[in-house]
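The values are calculated or read from the model by the stated rules, or taken from the named source; none is laboratory data. On a predicted model such as this, the values are computed, not experimentally measured, just so you know. Every residue, glycine as well, gets a Cβ built from its backbone with ideal geometry; the counts of neighbours run over all protein chains shown.
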Amino acid sequence: MRNLFNYISRKSPIHDLTGATKLVCLLLWSFASMMTYDTRILIVMPFLAFGLFALSKIKLRDVSFMLGFTLVFMVLNNILVFLFSPEHGVELYGTSHVIAQLWGNHVLTLEQLWYHLNLVLKYLSSIPIVLLFVCTTQPSEFAASLNRIGVPYAISYAVALALRYIPDIQKEYNDISKAQQARGVEMSKKVSLLKRLKAASTILIPLIMLSMDQIETVSNAMQLRGFGKNKKRTWYMARPFTRWDVLSMIFCAGLLGLAIWSNLSRGTRFWSPWM
Amino acid sequence: MIRFKDFTFKYNAQVEPTLRDINLEIEKGQKVLIIGPSGCGKSTLIHCINGLIPFSFEGEKQGSLTVDGEETWDMSIFKLSRKVGTVLQDQDAQFIGLTVAEDLAFALENDVVGEPELHQKVDQIAEVVNIRSHLLHSPQELSGGQKQRVSLGGVMINDCDILLFDEPLANLDPDTGKKAIELIDEIHRKTGDTIIISEHRLEDVLWRKVDRIILMEEGRIVADTTPDRLLATELIRKAGVREPLYITALKYAGVQLRPEMKLASLDTLDLTEEDKQRVRDWYSKRSDSGAPSRTEPVLQVRDLNFTYRSDRSQAEDHQALKDINLDLMKGEMMAIVGTNGAGKSTFSKVICGFENCDSGSLLLNGQDLKELSIKERADHIGYIMQDPNQMISKVMIFDEVAMGLRNKGLQEEEVTEKVNEALKTCGLWPFRNWPVSALSYGQKKRVTIASILAMEPEIMILDEPTAGQDYRHYTDIMEFLKSLNERGMTVVLITHDMHLMLEYAERSVVFSDGRIIACDTAANILTDRDIISRASLKETSLYGLAELCGITEARGFVEHFIDYERRYERHA
């Protein structure tokens, strides 16, 4: 079983950045790559992203599952776009260079391929950064970061708590599921979806009942130790900003600035050699 | 200082008050034990002191309750939490942080304590509770004892003068429980804090000296005195709490108990020569109990190995079971004991098919179990989880018990017949048309047993059947299981409870670090110091009493005690 946050502890400059920096950089970086279709910018970002990935000492093998998952998603996304609007590129770029005849009166154009290239670049520039964030940020530091960028601490802490209890709940789910299977509840693919959904309810009901009990106990435990007493709280895992934190944020902000400038100065988000 | 004066409390959701006419003063620096059966009001009393009542659980009170001269009803829970620290019964819930360090820091974080004081204080307190080397570990990586030390540290960091322990021994194995009591005692001596412990495992708490015991029954205080005085009375037994075994043995032997005998601990127990002779005479009247000899194995385990495979690249695989060999005999009642993580639960999961073994064989009546699925194994082996709420998924009792049979595709007529039979056996027949939610914890436990019983397995495995139960409920559940066993059911009990193993198991299997290190009668195991220390068990106090009275055959003494209890007392 995998956790959403698969923090991998290694010694690297990326790990040394504070969680808040990484969160801010992630947001700036993703906005930049989402905002523009300027291929001249997009072609650089994947190289930077994979460069940072190498710098973090996280191995591709460590994130193979997540990487595979997102790559499959990328391919699917491209196929769907192509099937449903094979001439989207022509609409966007305003020119048409036909390469081949497709079904019906649809044609394959250079513009369409160019558009897909841009889509792929966007994925490749953001996937490594997201994985990097997930693998190099300690969950509780993440909560502290959320609080630092202005999210109320009760909400930030809820995130940390969810992460704290996910492994417990997974274990509980597993135990309950096995015990119910022993009583003949069929969970395998042999039975219809409806039956499987019904079966899932026999696991979820005890799981929910137990979780409700636990929530009450946890909230009592938290109150008894003063949670919610003050408007602010400090975080054990919070760390002070260093020069590198500031530089990283300035760099990512610059990237976003560049993307915005490219869009505004040309009056369009798109760029192609034929424009 | 804590002072209850003519204090009565009623929860809003209840008709009757849970606490009645409480008059109680606890001086600073005292160490007080509150005992009583489930539902006697001891948890409510604790919640009144730490402020969860009235802040989380609402209700009406009469009379007054002051902490350091201030009415708690007029204080906020936060203000009170600076004076009173609480270690909750459920260690997993108490552990809020993602790591040990964060959990220790939690109260200070909420007090907006900044760097570097925060880190410094965490280091300090980690030293006090001896968890320094695990600061960055997650709760899932800790043992029960370590979690308890973290809970304690997280509370102590606030410099409270009053520390409350709500059933600190629940879910701890005997040796860990013993160490927890030692730690509490050490902190009491070092800090001079007021300590209040609520617990029903009396003998285990008395491992270290307490100043006072408050015995509660039905919301009232029925005794408030020193352990020595209280143990000389019949009040504890009458309230449905288990006395220390050596006290019970002295009573069986007809020794007149007096407070001057320093009854609170075996180490201080002062018996006259006459008393000792009484005990020896009682022992000499023993008869051979003649345990049933069983020769027909129902389950044979051979060279079984099992490893938890880690899915994370940085964690290591963990071999949880190593070369297990065991014969479970038809019709026997067997206990499986050992520390948390020793492999007890894993063993039963492998038997039931919840996990697949790496190597070795599992034979049920000669048939290889490996070929059977979870579901098919369940026709022969029933598994009952610790908390009935983990198993119950239907609203009505009848449907819950019928679930397994219906899933098997049996005709409704046959289902009804078998369910009714199981309900009758479990004493649930009068409730057959009730919703499960209307039942007590013990009754729910019976529902889960009935739902397995209805499937007519040959073997039943129960995980901690009596955890968190007071003596009365414990006896209820265990006598019921014994009656099932007498009808021919083979019963396997996974437990931490030394009493259970002594009183009910014909044989006990001891797990330690994934291996079976002993398989013998409980009386033999609990008088073997080597096994006791390797498996973190606890020597029975009967052993010590036997030594004290000059009885060399401690094992025989323990056997005689159990035999006597079964024959004359249990049914009396």
Scope region A:134-150; condition assigned to a loop (DSSP other than H, G, I, E, B) and within 26 Å of residue A:58 (Cβ to Cβ); matching residues: A:137, A:138, A:149
Residue within region B:508-523 that is part of a helix (DSSP H, G or I) and farther than 23 Å from residue B:480 by Cβ present: yes
Those residues of region A:233-244 which are more than 7 Å from every other protein chain (Cβ to nearest Cβ) and either assigned to a loop (DSSP other than H, G, I, E, B) or surrounded by 14 or more Cβ atoms within 10 Å (Cβ to Cβ) (or both), in sequence order: A:238, A:239, A:240, A:241, A:242, A:244
Those residues of region A:138-160 which are within 7 Å of another protein chain (Cβ to nearest Cβ) and free of Cβ contacts under 8 Å to residues at least 60 places away in the same chain, in sequence order: A:160
Tabulated pairs, region B:257-270, first touching a residue at least 40 places away in the same chain (Cβ under 8 Å), second among the hydrophobic types (A, V, I, L, M, F, W, C) and part of a loop (DSSP other than H, G, I, E, B), C-beta under 9 angstrom, 6+ apart or interchain: B:264/B:206; B:264/B:210; B:265/B:206; B:265/B:207; B:269/B:263
Hits in region B:239-251 (condition: surrounded by fewer than 18 Cβ atoms within 10 Å (Cβ to Cβ) and either in contact (Cβ under 8 Å) with a residue 12 or more places away in the chain or of a type in the set (Ser, Thr, Tyr) (or both)): none
Top-ranked residue of region B:224-262 - restricted to ones that are among the acidic types (Asp, Glu) and within 25 Å of the chain's Cα centre (by Cα), ranked as farthest from residue B:282 (Cα to Cα): B:224
Checking residue A:184 against (1) more than 25 Å from residue A:172 (Cβ to Cβ); (2) facing chain B (nearest Cβ under 7 Å), the condition it does not meet: (1)
Failed item in (1) modelled with pLDDT of 90 or more; (2) more than 10 Å from chain A (Cβ to nearest Cβ); (3) part of a helix (DSSP H, G or I), with residue B:336 passing the rest: (3)
Number of positions in region A:151-175 that are closer than 20 Å to residue A:25 by Cα and part of a helix (DSSP H, G or I): 2
Residues satisfying the stated conditions in region A:262-273, i.e. surrounded by 14 or more Cβ atoms within 10 Å (Cβ to Cβ) and of a type in the set (A, V, I, L, M, F, W, C): A:270, A:271
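For residue B:354, are the conditions met, namely being part of a helix (DSSP H, G or I), out of contact with any Pro (no Cβ under 7 Å at 6 or more places or on another chain) and crowded, with 17+ Cβ neighbours inside 10 Å?
Numbers: part of a helix (DSSP H, G or I): no; out of contact with any Pro (no Cβ under 7 Å at 6 or more places or on another chain): yes; crowded, with 17+ Cβ neighbours inside 10 Å: yes.
Here the answer is no, as residue B:354 does not meet what is asked.
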Enumeration of residues in region A:211-232 that are within 7 Å of chain B (Cβ to nearest Cβ) and surrounded by fewer than 18 Cβ atoms within 10 Å (Cβ to Cβ): A:214, A:217, A:230, A:232
Strands (runs of 3 or more DSSP E) wholly inside region B:1-74 that include at least 3 residues being over 28 Å from the mean Cα position of the chain (by Cα): B:2-11, B:19-26, B:59-67
Test: residue B:393 is modelled with pLDDT under 90, facing chain A (nearest Cβ under 9 Å) and more than 28 Å from residue B:444 (Cβ to Cβ): no
Pick from region A:1-41, criterion closer than 16 Å to residue A:54 by Cα and aliphatic (A, V, I, L, M), ranking: modelled with the lowest pLDDT: A:8
Selection count, region B:458-477, where residues are surrounded by 21 or more Cβ atoms within 10 Å (Cβ to Cβ) and either in a strand (DSSP E or B) or touching a strand residue (DSSP E or B) at 6+ places or on another chain (Cβ under 9 Å) (or both): 7
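Okay, residues lined up against (1) over 16 Å from residue B:86 (Cα atoms); (2) free of Cβ contacts under 8 Å to residues at least 60 places away in the same chain; (3) surrounded by fewer than 22 Cβ atoms within 10 Å (Cβ to Cβ):
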{"site": "B:169", "(1), (2), (3)": "no, yes, no"}
{"site": "B:179", "(1), (2), (3)": "yes, yes, yes"}
{"site": "B:182", "(1), (2), (3)": "yes, yes, yes"}
{"site": "B:187", "(1), (2), (3)": "no, yes, yes"}
{"site": "B:214", "(1), (2), (3)": "yes, no, no"}
{"site": "B:223", "(1), (2), (3)": "yes, yes, yes"}
The listed residue being surrounded by fewer than 21 Cβ atoms within 10 Å (Cβ to Cβ) and facing chain B (nearest Cβ under 8 Å), out of A:207, A:163: A:163
Members of region A:58-68 that are free of Cβ contacts under 8 Å to residues at least 40 places away in the same chain, in a helix (DSSP H, G or I) and surrounded by 12 or more Cβ atoms within 10 Å (Cβ to Cβ): A:60
Test: residue in region B:34-47 that is in contact with a helix residue (DSSP H, G or I) (Cβ under 9 Å, 6 or more places away or on another chain), under 25 Å from residue B:201 (Cβ atoms) and within 12 Å of chain A (Cβ to nearest Cβ): yes
Filter pass, residue A:49 being in contact with a Pro (Cβ under 6 Å, 6 or more places away or on another chain) and farther than 29 Å from residue A:164 by Cα: yes
Qualifying residues in region B:366-382 (those that are under 19 Å from residue B:491 (Cα atoms) and touching a Leu at 6+ places or on another chain (Cβ under 8 Å)) - the one surrounded by the fewest Cβ atoms within 10 Å (Cβ to Cβ): B:380
Test: residue in region B:405-416 that is within 21 Å of residue A:185 (Cα to Cα), within 13 Å of chain A (Cβ to nearest Cβ), out of contact with any Gly (no Cβ under 9 Å at 6 or more places or on another chain) and buried (at least 19 other Cβ atoms within 10 Å of the Cβ): yes
Criterion: more than 14 Å from chain A (Cβ to nearest Cβ), surrounded by 20 or more Cβ atoms within 10 Å (Cβ to Cβ) and in a strand (DSSP E or B) - qualifying residue of B:363, B:326, B:321: B:321
Number of the exception - residue A:129 against (1) over 30 Å from residue A:272 (Cβ atoms); (2) buried (at least 20 other Cβ atoms within 10 Å of the Cβ): (1)
Checking residue B:530 against (1) under 25 Å from residue B:319 (Cα atoms); (2) in contact with a helix residue (DSSP H, G or I) (Cβ under 6 Å, 6 or more places away or on another chain); (3) acidic (Asp, Glu), the condition it does not meet: (2)
The lone exception for residue A:195 - which of (1) among the charged types (D, E, K, R); (2) more than 10 Å from chain B (Cβ to nearest Cβ); (3) closer than 30 Å to residue B:153 by Cα it fails: (3)
Any hit, region B:357-379, residues being under 26 Å from the mean Cα position of the chain (by Cα) and of a type in the set (S, T, N, Q): no
